[in-house]
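Working notes, structure below.
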Amino acid sequence: MRRSFARESLVLLVTATALLAMPEASAQQVPLPGTNIQKWVDPMPVFPARVDATQPLEVRMAEVQQRVLPAAIYENLPAPFGAGTFVWGYGFTELGPDGRSFPVYYPGFTVVAKRGTPTTMTFLNDLVNPFLQSYPGGGGAPIFAVDATLNWADPLDQGASFSPYDGPVPVCVHLHGGEVPSAFDGGPDAWFTPNTPGNQPITGPGYVTNVYTYPNGQEAATIWMHDHALGITRLTPHMGMAAFYFLQDPVNDPQNLPTGKYDQEIVIQDRLFDTNGQLIFPAVGDNPDVHPFWLPEFYGDTILVNGKSWPYFDVEPRRYRLRLLNGSNARFYNLAFDNPRVKVWQIGTDGGYLDAPVPLKTLLLAPGERAELIVDFRRAKRETTLLTNNAKSPYPVGAPADPRTVGQILQFRISDGTDVVDHSCDPGAGECVLRPNNRIVRLNPDPAQVPTRRLTLNEEQGANGPLTLFMNNTELGDLGVEGTLDEKPRVGSTEIWEIVNISADSHPIHTHLVDFQVLSRQALQSSKYVSAYDASFPGGLWKGVNYPPGVLMPGFGPPLAYGNCLPGTVCGGNPDPGPYLQGMPMGPYPYEQGWKDTVQSNPGEVLRIAVRWAPTNTPSAAAQPGVNLYPFDPTAKLGVLDDGFGYPGGPGYVWHCHIIDHEDNEMMRRYEVTP
């Protein structure tokens, strides 16, 4: 291991130092402790109207003020703070003949699409001189504290700088969990700035257009959209740029699940606030001589649910469908109800429905993960129950969740329900048929018949904590640089990815374009493997340092030749962990037994997943290397005007850690789908 497992104490110290030792102007932000924010004052925001994605949509990204905290906090505040917390969000306009407008809001109103009906969205960047970019002003580090020493969008081509960036805000929208052409994936290089009067927007090297078309050809799932601009993803979703995207499949959707007001989306996020009710994002790095503003993880002391601090949710004594999303930067949540009379079943994962409901006592959600639940409140009439969290931060060996603050998520107030009639299916009685026509296609690839990519999760340690985090010890590099594209899977192919986590934390690994299935986890004697790993480096001059053989070379790439990823072979360039494995492989956790696009890779563990570059419902025999079964061509490159399906080519895809502070500092890899 490259750093101490007592890492949370460092994070808390750095956070406290950041709040107290910000540049002089930032000292205006006096922290408002989460313990001082009253709980269960406001109802949980719900979305009684949802955006109809069967018609074209215009999506405006802009700054607004919302009363995120209890109203009493904003009373008697000086202008402009009394109107609420400044946040960024999405506003939607339906462009059909009976179109409706949905205001800019945090989180954005939920978009509902239908399988087989493409959705076209025109994105407008209206983040022109936002308040959050300059607050608190006076030349200090603002909330929007871009660290220009990172590999980031850099619209003004200023290069590495130790000063806060104050130019135009770059954005791009990623449909997380979407099977989409890479031109519309909203990857890190597809950013664009506002259209200021008399000027065209500045665009990133992967930009194709601001008009995206999502084919919606995949199976039904609860997915979401969020900003993904290179090097600032830890900031832009934090300010509010996130929204649910429900993809429905009327032909195959299960019958008799809770619907209407009994079907609710719930995004959980942690934040810090100041005494003016405004967001705080600590802006002093733990290695400020290298990265002045970047911290390895952001942790807040206040929980927001659907954009409201510690709200309550009035429910009836009946079954509800709850769609949960962990929208936090870095915090894991291990969720449970504190009332044993409340019963819970999971019915869906990131990629859609399970084959059958799975009873749960607890649910561990990493950043970016989703889970669909049926929660039965019938046995808890006239009672109150809390959704609680006991996950450590950093996960899994950091500090315990403070039971006064982040240990509490959402209060449910259950009515007496004298007139409640519930016709939804009862999973406890075996009534819920989740996949009546299309059971999950199970992947069980034979290592002798498919390639195995052996990949590592690494970190480079600085004087006061991590300097950089890597996928396979490889720098992200620039778009179009051949040496940064080691992952080149063939369309239609299936691969086993063997992810060896030799860092100190769990990392939620997210793949764009494709879902995957968890095969196994197995414990690893990390110290012994790391010794063998380090000993494999060749030595030589790298980044101005002359390394002797057998010494870790941070960012160099894997220590051995990556190799050709052919069926029956192992590639990736890393030593075999086999001699250092312990115990027997463990199968998927109960809450991850379906298709996933984000998975928890734990420290001291080898995670194996089966990844297939074909739609999830494709029968196993039909998925063959070189055969494209998507309704678009994922191999079409930038500059291609028509991929044969009516879509332009694009910059390719990425896979990365969804602790978004990590992905902003190299823990992301571009990959190219090949014919």
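Summing +1 for each Lys or Arg and -1 for each Asp or Glu among the other residues whose beta-carbon sits under 15 angstrom from that of Thr275 gives -2. For the range 258-385, the fraction of alpha-carbon pairs lying more than 25 Å apart is 36 percent, rounded to a whole number. For the range 578-630, which whole-number percentage of the solvent-accessible area (1.4 Å probe, protein heavy atoms only) is attributable to carbon and sulfur atoms? Reported share for carbon and sulfur atoms: 60 percent.
Once C-alpha pairs closer than 8 Å and six or more residues apart are averaged by separation and normalised to the residue number of the chain, the relative contact order reads 15 percent.
Taking a straight Cα-Cα cut-off under 16 Å and skipping sequence neighbours fewer than 8 places away in the same chain, the aspartates and glutamates within cross-link reach of Lys392 are Glu8, Asp270, Glu297, Asp301, Asp402, Asp505. Each residue, Leu641 and Gln158, gets one label point 7 Å from its Cα in the Cβ direction; the gap between the two is 3.8 nm. Per residue, the chain exposes an accessible area of 34 Å² to a 1.4 Å probe, with every protein chain left in place.
Of the solvent-accessible surface of the range 259-301, computed with a 1.4 Å probe and all protein chains present, 57% belongs to carbon and sulfur.
Treating r as the C-beta distance of Leu560 and Met586 and R0 as 22 Å, the FRET efficiency rounds to 0.20. Straight-distance candidates among the lysines for linking to Lys637, with alpha-carbon spacing under 24 Å and chain neighbours fewer than 8 residues away dropped: Lys488. For Val46 and Glu75, a Förster radius of 30 Å and the Cβ-Cβ distance give a FRET efficiency of 0.75, rounded to the nearest 0.05.
Computing Cα extents along the principal axes in Å directly from the structure and comparing it against [x] 72, 62, 54; [y] 92, 59, 58; [z] 90, 60, 45 singles out [x]. Distance from the Cα centroid of the range 451-511 to that of the range 237-312 is 25 Å (rounded to whole angstrom). To put it simply, the accessible area of the range 28-82 at a 1.4 Å probe is 52 percent carbon and sulfur. In order along the range 562-573, the Karplus-derived 3J(HN,Hα) couplings, from 6.51 cos²θ - 1.76 cosθ + 1.60 at θ = phi - 60°, round to 4, x, 8, 8, 9, x, x, 10, 10, 10, x, x Hz, and Gly and Pro are given as x. Considering only alpha-carbon pairs that sit under 8 angstrom and 6 or more positions apart, the relative contact order computed for the range 433-506 is 40 percent.
If you take every residue apart from Asp633 with its C-beta less than 12 Å away from the C-beta of Asp633, what net charge results, scoring Lys and Arg +1 and Asp and Glu -1? Once positives and negatives cancel, what remains is -1. For Glu383, the residues whose modelled amide H falls within less than 5 Å of its own, excluding neighbours fewer than 5 places apart on the same chain, are Ile414. Distance between the pseudo-spin-label points of Thr259 and Arg382 (7 Å out from Cα toward the beta carbon): 3.3 nm. Give, as a single signed number, the net charge of other residues whose beta carbon lies under 13 Å from the beta carbon of Ser620, with Lys and Arg counted +1 and Asp and Glu -1. Net charge around Ser620: +2. Listed as lacking a disulfide-compatible partner in the chain: Cys172, Cys657, by the criterion of no other cysteine Cβ under 4.7 Å.
Cross-link pairs exceeding 23 Å in C-alpha to C-alpha distance, out of Lys39/Lys596; Lys261/Lys381; Lys114/Lys261; Lys308/Lys361, comprise Lys39/Lys596; Lys308/Lys361.
The label point for Ala622 and the one for Val211, both projected 7 Å from the Cα toward the Cβ, are 3.1 nm apart.
Taking each DSSP H run with n ≥ 4 as -39500 (n - 2.57) and averaging over every residue of the chain yields -1500 deg cm²/dmol at 222 nm.
The values are calculated or read from the model by the stated rules, or taken from the named source; none is laboratory data. Just so it is clear, the structure is predicted and the values come from calculations on it, not from any experiment. Every residue, glycine among them, receives a Cβ derived from its backbone with ideal geometry; neighbour counts consider all protein chains shown. Please note that ligands, DNA and RNA were not included when accessible areas were found on the heavy atoms of the full protein model with its side chains. Shrake-Rupley method; radii C 1.70, N 1.55, O 1.52, S 1.80 Å.
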